[in-house]
1. Where the second residue is open to solvent by less than 80 Å² (accessible area, probe 1.4 Å) and the first is at pLDDT below 80 and lies in region 250-273, which pairs have Cβ atoms under 6 Å and are six or more apart or on separate chains?
2. Go through region 26-40 and report how many residues are touching a Phe, Trp or Tyr at 6+ places or on another chain (Cβ under 8 Å) and open to solvent by 70 Å² or more (accessible area, probe 1.4 Å).
3. Is it the case that Gly74 is in contact with a Leu (Cβ under 6 Å, 6 or more places away or on another chain), touching a residue at least 60 places away in the same chain (Cβ under 8 Å), open to solvent by less than 30 Å² (accessible area, probe 1.4 Å) and at negative phi?
4. Output the residues belonging to region 120-135 that are crowded, with 19+ Cβ neighbours inside 10 Å, among the aliphatic types (A, V, I, L, M) and over 27 Å from Gly251 (Cα atoms).
5. With Tyr36, Tyr29 as the choices, which residue is of a type outside the set (A, V, I, L, M, F, W, C) and not in a helix (DSSP H, G or I)?
6. Any idea which of Asn101, Asn151, Asn138 is open to solvent by 80 Å² or more (accessible area, probe 1.4 Å), closer than 30 Å to Gly69 by Cα and either free of Cβ contacts under 8 Å to residues at least 12 places away in the same chain or out of contact with any Ser or Thr (no Cβ under 8 Å at 6 or more places or on another chain) (or both)?
7. Report whether or not Phe194 is in contact with a Ser or Thr (Cβ under 7 Å, 6 or more places away or on another chain), of a type outside the set (Gly, Ala, Ser), touching a residue at least 24 places away in the same chain (Cβ under 8 Å) and surrounded by 19 or more Cβ atoms within 10 Å (Cβ to Cβ).
Amino acid sequence: MMQITPVVKQLLILNVIFFLGAQAVAPAYDFLSLHYIQSDQFQLWQPFTYQFMHAAFPRIEHIVFNMFGLYMFGSTLEQLWGPKKFLFFYISCGLGAALVNTGYVYFEVHQFLSQASDLALSSDQVHKILNFDFVRDNAYRGELFEASLRNVLDASQQSRINEESFGALFHAAATSQTTMVGASGAIYGLLVAFAFMFPNAEMMMIFLPIPIKAKFFVPGILLIDIFSGISSSSVIGGPSSGIAHFAHIGGALFGFLMMWYWKKNSFNDNRWN
């Protein structure tokens, strides 16, 4: 069995502490998860803390798979790079994942808002709409959204709203209120780095136990994420259930850019001592 390296061990412990802490103190989940930048609940520390949060119990597979990936790829890379360089890479990939996913959510939200452009909403109205409280029993409720909307739109806007613009505003608000949690973006960065360093190492998917070289395996996984993110569906298992596919792509992209830059500039381990 591969030895767990020091930083990987500390990251594993932190993730477990955050996971258990969020179960014990419910408000911690919202406080530390990454909210959309126009949300009243967004805080500056969340692009860091979301990386240590995972889906609540009983969805334990979220943290289990991520921590397995951290152990498998992180320990190898930390042994090669040393703790400082490895930690910098890991956190940077997590931040890159947050940036790319937030950018995609921003694009989606404003695509929906553009479908209600005839209402000529002010920036203050948009902010209020995106922050409506219309979730009950873990579901977005149309009747609650409608009641809140009446208090925000003026008489002229209410006379012009139709089913299409109502639906667009509803989906804009629901999309903006989806929080982001998990180490997946950083893990995807580690995957890319591993493939960069060991292109001919053989890897396998749990559901497809066929050895595939890393230089083919990792691009294949990313293509699945790109397809799933654009189509809003998962290739395996039907509709996507809250998977931040563009966070995976963002982590992988930042991982690739750092590996390319380090190779181009011949970064030496002494710079990290």
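1. From residues that are at pLDDT below 80, the pairs are Asp269/Gly82; Trp272/Gly82; Trp272/Lys85.
2. 1
3. yes
4. Leu121, Val126, Ile129
5. Tyr36
6. Among Asn101, Asn151, Asn138, only Asn138 is open to solvent by 80 Å² or more (accessible area, probe 1.4 Å), closer than 30 Å to Gly69 by Cα and either free of Cβ contacts under 8 Å to residues at least 12 places away in the same chain or out of contact with any Ser or Thr (no Cβ under 8 Å at 6 or more places or on another chain) (or both).
7. yes
The values are calculated or read from the model by the stated rules, or taken from the named source; none is laboratory data. Computed from a predicted model, the values in this text were never measured in an experiment. Note that each Cβ is placed from the backbone with ideal geometry, even for glycine, and that neighbours are counted across all protein chains shown. Just the protein is used for accessible areas: all its heavy atoms, side chains included, with ligands, DNA and RNA removed. Shrake-Rupley method; radii C 1.70, N 1.55, O 1.52, S 1.80 Å.
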